[in-house]
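The values are calculated or read from the model by the stated rules, or taken from the named source; none is laboratory data. Model, not experiment: these values are computed from the prediction. Note: ideal-geometry Cβ built from the backbone for every residue, glycine included; neighbour counts use all protein chains shown.
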Amino acid sequence: MVWSNQWEPRHRSQWASECYISHFGGNGHSNIDISNVPTADVPEHDLLVAGFPCQDYSVATTKAEGIHGKKGVLWWEIERILKGRRPPYVVLENVDRLVKSPGKQPGRDFGVILWCLDRLGYSVEWRVVNAADYGSPQRRRRTFILGALENTSFGREMSGLHNRQDWLERLGLFARAFPTQRLQSRKASSLESAVTLSKSLQKVSDEFALRFLNAGVMCDRTVWTFQVRPRREPERTLADILETAVPEQYFISEASIETWKRLKGAKAEHRVAKNGYEYHYTEGAIPFPDPVERPSRTIMTSEGGTSPSRFKHLILDPKVGRYRVLTPIEVERLNGFPQDWTKGMPERVRYFCMGNALVVDLVDQIGRVLAGRVEGIERKSNIAVSA
């Protein structure tokens, strides 16, 4: 690791950055807004690793600046560093809805990202992975993206592909990191016909739409998308990570149980907005309590505290038979972190950080496969840019 950046906008206390320093030290670590970091201040590196929010990646044309993305969107800072430093490899992470957004023009945002990577000389493959399919006790879906310059081993392999189904099911980075079930026919595999991105980024932003499937490759602006079927590992459950001695502060009061049930229940009701607009509101039910014999729902930033909530996890403690929320240690375990990784933060921040975190076992597996396949890449020479 030669350099890292972590900045939490709109927060005076930078707890995630301090947590990073407490575990890895502050050498080469940056804790300022990445948009204020000159490209020249980012060291040369072989691998850029970045996580970024799912935002609006549309572009606009101005007379002064030409095509330019919206200010404050982290993707354009990543693109800036890629353009200035040209690392041979880049691994990116985003939420699963990246490949579907925005709702009115599905696939546009991912198309913009693919166009940018192609312009910089990267061949690309991607995969949407549910952590629970590969041994995690949490159902958490994330989009992982590999970009490889055309003169690298991965880049040459991807640009010369003749059997893309074989690459996405068996030979590619994500197929090796997260094995799939082989499908016997192309028809059964739902391989889409090739789609070529426009030469104009403005046209991609304005017009491109595609129902991206959960895997795919792009070379020379040509995109193939493909539905792969995970080869699931033995299931781990929420019960596997529960603490056995839980302090009283995590148990809810008997008086609040009915409120919890109501918030988590299905709804179909007439509502009136503040401006007088009347509408019919519906939403589905969330399990009450959360079943411990299955992998958990996705951890969110709003976890924590015993006040009634629709989205917080609530379990019936299998040891004492009372309702309670999850502890910070249990939430860390659901993401694969060592126990008390976030200890020292305010408790609400511990939950918030875990709601923003990745399942680290997935990232570790990607790193191991990449390091084993790439010739000459120095593990000490890489970069992490975190949202």
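Observations on the model:
- You will find that of 119, 142, 108, 156, the residue that is within 23 Å of residue 297 (Cα to Cα) and charged (D, E, K, R) is 142 and no other.
- All told, residue 221 meets the bar of being touching a helix residue (DSSP H, G or I) at 6+ places or on another chain (Cβ under 7 Å) and at positive phi.
- Subset of the stretch 15-38 (residues that are over 16 Å from residue 50 (Cα atoms) and part of a helix (DSSP H, G or I)): 15, 18, 19, 21, 22, 23, 24, 36
- Qualifying residue in the stretch 314-329 (condition: without any contact (Cβ under 8 Å) to a residue 60 or more places away in the chain and surrounded by 13 or more Cβ atoms within 10 Å (Cβ to Cβ)): yes
- Residue ID - nearest to residue 151 (Cα to Cα), chosen from residues in the stretch 1-58 that are without any contact (Cβ under 8 Å) to a residue 40 or more places away in the chain and crowded, with 20+ Cβ neighbours inside 10 Å: 7
- For residue 342: the one exception among (1) in contact with a Ser or Thr (Cβ under 8 Å, 6 or more places away or on another chain); (2) outside the structural domain of residue 174 (by TED's automatic domain parsing); (3) of a type in the set (Val, Ile, Thr): (1)
- Here the condition is being outside any helix (DSSP H, G or I) and within 30 Å of residue 150 (Cβ to Cβ); of 82, 92, it holds for 92 alone.
- All conditions but one from (1) in contact with a strand residue (DSSP E or B) (Cβ under 8 Å, 6 or more places away or on another chain); (2) surrounded by fewer than 24 Cβ atoms within 10 Å (Cβ to Cβ) apply to residue 116; the one that does not is (1).
- Residues of the stretch 206-240 that are assigned to a helix (DSSP H, G or I) and surrounded by fewer than 20 Cβ atoms within 10 Å (Cβ to Cβ): 206, 207, 239, 240.
- Taking the criterion of being modelled with pLDDT under 95, touching an Asp or Glu at 6+ places or on another chain (Cβ under 8 Å) and of a type outside the set (Asp, Glu), the residues of the stretch 359-384 that qualify are 377, 381, 382.
- Residue in the stretch 150-173 that is part of a strand (DSSP E or B) and within 28 Å of residue 338 (Cα to Cα) present: no
- Listed conditions (1) surrounded by 15 or more Cβ atoms within 10 Å (Cβ to Cβ); (2) more than 28 Å from residue 104 (Cα to Cα); (3) without any contact (Cβ under 8 Å) to a residue 60 or more places away in the chain are all met by residue 182, apart from (1).
- Among the residues of the stretch 101-116, the ones that are in a helix (DSSP H, G or I) and touching a helix residue (DSSP H, G or I) at 6+ places or on another chain (Cβ under 8 Å) come to 8 in all.
- Flag for residue 103 being within 18 Å of residue 209 (Cα to Cα), over 17 Å from the mean Cα position of the chain (by Cα) and free of Cβ contacts under 8 Å to residues at least 40 places away in the same chain: yes
- Selection status of residue 259, on the phi < 0 side of the Ramachandran plot and outside the structural domain of residue 333 (by TED's automatic domain parsing): no
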